[in-house]
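Note sheet for the following structure.
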């Protein structure tokens with residue numbers, strides 16, 4: 001049923017992006033497997049808690065900008081492709097709260113599943129390392145009144161600790177292409193921690 | 001870096017929290033409510049509860065914070081084609097980008113073969129003004145004309161509500177006789193067609209229609225209203241339709257309440273329709 005709904009609402013660009021996404025995932029998994037065999041490459045799966053704001057209707061005229069809080073959880077597997085250069089896949093589940101009622105309208109609460117393959121670079125620092133990731137994928141949003149998949153691009157930057165429970169803290173920005181919303185931006189902070197697997201982490205990345 | 005992230009975190013929380021709950025922001029409200037029971041042309045069967053519908057909707061809006069001066073009420077002889085169009089144009093021109101527009105109509109509805117070729121279904125929907133001439137279909141108020149009048153409107157906020165037959169269909173004529181049910185559909189020589197669809201696509205304002213494209217809308221003596229309007233008013237009274245219990249009734253909430261009740265009451269002869277082009281968005285109808 002869910003997949004039927006997804007299919008009905010998918011735009012042609014969404015279908016192409018979904019295909020690209022699946023291809024990226026397969027490529028990522030293949031690369032990850034290959035990298036796992038190479039003991040010098042880092043492979044990890046992190047969990048992340050996140051929170052931030054979605055900026056809805058940034059360009060609207062009748063319906064002006066509303067900033068709506070959201071929070072979520074992500075799984076972030078990543079693999080070091082070459083020295084300091086990473087492939088990552090953020091699989092996120094988030095919940096956006098209902099907006100305020102100013103202007104006699106509101107955005108209802110909605111859930112979102114995000115699949116964002118990313119490529120990133122790690123820059124060595126002193127106490128911490130600095131990371132930047134850029135990617136694109138799909139946000140599938142669902143609420144009582146609407147279910148649709150929308151293409152998205154995202155970028156995040158942050159710091160990574162060489163050791164400790166918290167692996168990294170990032171600030172992320174994503175743009176969802178959605179004609180109905182005019183524009184749909186998300187800014188979030190998220191902290192990651194190692195989940196199932198963390199091997200060959202390079203503490204000597206300098 | 002930690003300080004910067006802490007600052008960003010605080011900024012995000014501030015941004016998220018700065019929109020405190022509240023509704024007012026200087027939005028201006030404009031409503032046009034039309035109800036027609038008594039038609040001039042003897043060939044058009046009179047209705048019984050459309051004026052009651054219009055008065056009931058007005059009262060329901062007043063009960064929920066609308067002001068009398070924001071509502072224009074046209075009943076029976078006042079609701080000529082020219083007057084309705086003039087009022088719609090007047091509202092459209094007055095409306096600012098963030099203003100709120102509500103247009104409600106209760107009366108006969110019909111459709112005619114599309115002459116402009118702009119309708120995918122080959123039909124123009126129409127409402128029937130009080131001065132409709134049975135032998136002259138140009139006296140109908142077509143959806144195209146209504147759409148053109150409203151197209152000057154800068155706002156997308158508001159709702160159009162039609163409690164009339166939006167389409168052909170010859171169902172329930174036997175039921176309509178002697179059962180307290182009257183169809184709000186009239187059939188003229190020009191109404192033969194293939195059906196109808198929502199044709200106010202020229203504007204993005206949500207539209208609530210009392211019945212499906214192949215259905216009539218009915219009024220009932222025991223309700224003293226059209227079925228759909230009765231449940232709209234019922235949903236507004238005492239916040240009955242306030243599904244999420246936030247103290248306000250939205251257009252989607254009101255529609256879904258009236259939809260379920262109308263379908264149940266009419267034994268599924270009538271299936272109300274909602275067109276709402278914006279995902280996740282909902283518009284309040286109470287203030």
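Laboratory data are not the source of any read-out in this text; all were calculated from the coordinates shown. Just so we're clear, the structure is a prediction, and the values are computed from it rather than from any experiment. Cβ: placed from backbone, ideal geometry, glycine included. Neighbour counts: every protein chain shown.
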Q) If you average 1/r over every pair of different alpha-carbon atoms in the stretch A:89-161 and take one over that average, what Kirkwood value in Å do you get? A) 14.4
Q. Taking R0 as 22 Å, what's the FRET efficiency between residue B:243 and residue A:73 from their Cβ-Cβ distance, rounded to 0.05?
A. 0.20
Q: In nm, give the distance between the simple-model label positions of residue B:46 and residue B:70, each being 7 Å from the Cα along the Cα-to-Cβ direction.
A: 3.4
Q: For the stretch A:58-124, evaluate the Debye formula with one uniform point scatterer on each Cα (no solvent term) and list log10 I(q)/I(0) at q = 0.13, 0.24 Å⁻¹, rounded to two decimals.
A: -0.57, -0.98
Q) Suppose R0 equals 45 Å; then what is the FRET efficiency for residue B:90 and residue A:93 from their Cβ-Cβ distance, rounded to the nearest 0.05? A) 0.35
Q.
For a quick check: sort B:142, B:73 by the number of other beta carbons within 10 angstrom, fewest at the front.
A. B:73, B:142
